[in-house]
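Novice: What follows is a single structure, and I will ask about it in a moment.
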């Protein structure tokens with residue numbers, strides 16, 4: 001990420017409970033109570049819901065105390081990487097597909113298969129999400145939620161400008177025309193959408209519309225240099241007519257609501273995961289709606305993936321209790337009612353059914369959105385290779401340089417591929 005992004009990511013670390021934030025796995029106090037450390041990334045909305053679910057767990061298990069901490073995604077990954085390098089992984093770790101394999105290969109994560117049937121129940125979880133958390137047949141991550149991709153839209157901006165926002169069934173040409181029209185209708189004050197060029201996730205789904213992917217199943221790069229040149233030429237070109245935000249706006253965006261051009265009124269739409277919608281609503285006075293990706297191929301490129309996963313650190317001195325906590329967070333109906341969709345749709349079918357009638361506002365919106373796009377989604381992709389987290393960071397840094405005119409698109413694509421191949425071996 002650019003220097004400005006690193007500074008912002010580091011500055012917005014939000015620690016919910018300090019007890020275990022920078023320590024190794026929790027110990028057993030003199031009174032016999034087991035202390036578990038649980039670390040994750042997210043926003044205040046997720047923090048409140050997570051704490052409510054954990055309070056339920058501790059009420060049912062008074063001999064276990066859970067201390068939690070959370071941070072912005074980038075700050076979380078940086079801090080966690082430092083901890084595991086020193087052998088100080090938390091008991092329960094929220095993991096993500098970009099670094100699941102890397103941490104598993106480094107021996108940081110326990111095999112959850114040891115606890116399936118003995119503390120963890122996977123019977124009501126989608127097979128494809130279990131597969132997404134498995135590497136070479138070993139289960140390292142249990143899905144915390146099922147999500148997919150979306151364009152988040154500020155309805156008021158589009159209505160005031162008299163421009164129709166993106167909707168299901170649109171082509172990319174329609175998407176581009178609407179963005180440019182919005183920019184013109186607002187006298188250049190608002191751009192159509194936040195630029196997607198610096199995020200490898202969006203490049204992956206863009207590739208998937210043409211039957212390719214960021215990574216092949218064997219962990220090698222699944223695209224050619226020409227694909228990346230085409231993508232970055234496209235994203236950069238859409239800045240010329242105001243469809244995408246310019247570099248000076250784009251580089252301030254770290255992926256969170258506090259740096260969102262959409263919420264700052266600089267863009268009419270923003271690509272993100274549907275699981276982020278409640279956070280957007282919480283930080284915004286207006287109305288946010290969700291739309292699927294445009295496509296020219298008949299394939300949306302969108303996937304039903306694990307929004308995040310729960311894993312157990314190998315340094316945990318209480319893996320059985322950690323497994324008990326993970327099972328509760330995933331399978332307990334009351335916990336699911338507290339969590340809602342802050343980690344996107346519950347992966348447990350019984351929990352999903354139980355909360356369906358109780359959801360309202362943003363949570364109901366995410367539920368209905370996933371129901372509406374279910375037929376457009378492909379299965380979760382396999383865990384990316386070790387080093388994918390570094391590739392994700394390089395993607396942002398290289399695009400920033402290209403975006404500000406530091407190199408040609410061909411030079412940028414060649415540099416990214418060189419760095420990516422070095423990162424993944």
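Novice: Between the alpha-carbon centers of segment 176-201 and segment 278-326, tell me the distance in whole angstrom.
Specialist: What the calculation gives is 25 Å, centre to centre.
Novice: Let me ask something else about it. Percent of Cα-Cα pairs per 5 Å bin, from 0 to the last occupied bin, for segment 148-304, please list those.
Specialist: Bins of 5 Å from zero give 2, 9, 19, 23, 22, 15, 7, 3, 1, 0 percent of pairs.
Novice: Could you put 152, 214 in order, starting from the residue whose Cβ has the fewest other Cβ atoms within 10 Å?
Specialist: Ranking 152, 214 by Cβ neighbours within 10 Å, fewest first, gives 214, 152.
Novice: Please figure out what share of the DSSP beta bridges in the chain is antiparallel and state it in percent, rounded to the nearest 5.
Specialist: Once the DSSP bridges in the chain are tallied, antiparallel ones form about 60 percent.
Novice: Okay, next question. Counting pairwise Cα distances across segment 295-358, what percent come out greater than 19 angstrom?
Specialist: Here the long-distance tail beyond 19 Å is 46 percent of all Cα pairs in segment 295-358.
Novice: Mind listing P(r) for segment 28-132? All alpha-carbon pairs, 5 Å bins, whole percents.
Specialist: All Cα pairs, binned at 5 Å, distribute as 2, 9, 17, 20, 22, 20, 8, 1, 0 percent.
Novice: Under a point spin-label approximation (7 Å from Cα along Cα-to-Cβ), what is the residue 118-residue 283 distance to one decimal in nm?
Specialist: Spacing of the two 7 Å Cα→Cβ label points: 4.3 nm.
Novice: Can you give me the orientation-averaged projected area of the convex hull built on the Cα atoms of the chain, in nm²?
Specialist: One quarter of the hull surface, i.e. the mean projection, equals 19.0 nm².
Novice: To make sure I understand, if each residue's beta carbon is the centre and we count other beta carbons within 10 Å, what order do 84, 92 fall in, fewest to most?
Specialist: 84, 92
Novice: How large is the helix-only mean residue ellipticity at 222 nm for the chain, computed as the sum of -39500 (n - 2.57) over DSSP H runs with n ≥ 4, divided by its residue count, in deg cm²/dmol to the nearest 500?
Specialist: -12500 deg cm²/dmol
Novice: Here's another thing I want to ask about it. Using a ≥ b ≥ c from the Cα gyration tensor of segment 175-266 (square roots of the eigenvalues), is it rounded, prolate or oblate, where a/c under 1.5 gives rounded and otherwise the larger of a/b and b/c decides, a/b for prolate?
Specialist: Prolate, because a/c is 1.5 or more and a/b exceeds b/c.
Novice: Moving to a separate point now. Quick check: pseudo-label points 7 Å beyond the Cα along Cα→Cβ at residue 317 and residue 82, how many nm apart are they?
Specialist: It works out to 2.3 nm between the two label points.
Novice: Any chance you could get the radius of gyration and Dmax over the Cα atoms of segment 337-425, in Å?
Specialist: Reported Rg and Dmax, both Å: 19.7, 53.
Novice: Taking the square root of 5 times each eigenvalue of the Cα gyration tensor, what semi-axes in Å does the equivalent ellipsoid of segment 232-334 have, largest first?
Specialist: 36, 17, 16
Novice: Report the label-to-label distance for residue 422 and residue 106 in nanometres (one decimal), using points 7 Å from each Cα along the Cα→Cβ vector.
Specialist: Inter-label distance under the simple model: 1.9 nm.
Novice: Just want to confirm a number: the relative contact order over the chain, from Cα pairs under 8 angstrom separated by 6+ residues, in percent. If you can, show how the numbers build up before the last one.
Specialist: Values: 843 pairs, mean separation 109.9, N = 425.
Computed over the chain, the figure is 26 percent.
Novice: Rounded to two decimals, what is the ratio between the C-alpha radius of gyration of segment 321-364 and 2.2 N^0.38 Å?
Specialist: The value comes to 1.11.
Novice: Further question on the same structure: Quick one: order 183, 281 by neighbouring beta-carbon count within 10 Å, fewest to most.
Specialist: Going from sparsest to densest Cβ surroundings: 281, 183.
Novice: Right, here's the next one. If you look at just the Cα atoms of segment 275-425, how large are its Rg and its Dmax in Å?
Specialist: Computed over the Cα atoms of segment 275-425, radius of gyration and Dmax are 19.7, 54 Å.
Novice: Related question: Evaluate the Debye formula for segment 79-189 with equal point scatterers sitting on the alpha carbons, no solvent, and hand back log10 of I(q)/I(0) at q = 0.12, 0.17 Å⁻¹, in q order, two decimals.
Specialist: For segment 79-189, the Cα-only Debye profile gives -0.66, -0.81.
We did not get these values from a lab; they are worked out from the coordinates using the rules stated. None of the values given here were measured: they were computed from a predicted structure. With ideal geometry, Cβ positions are generated from the backbone for all residues, glycine too; neighbour counts draw on all protein chains shown.
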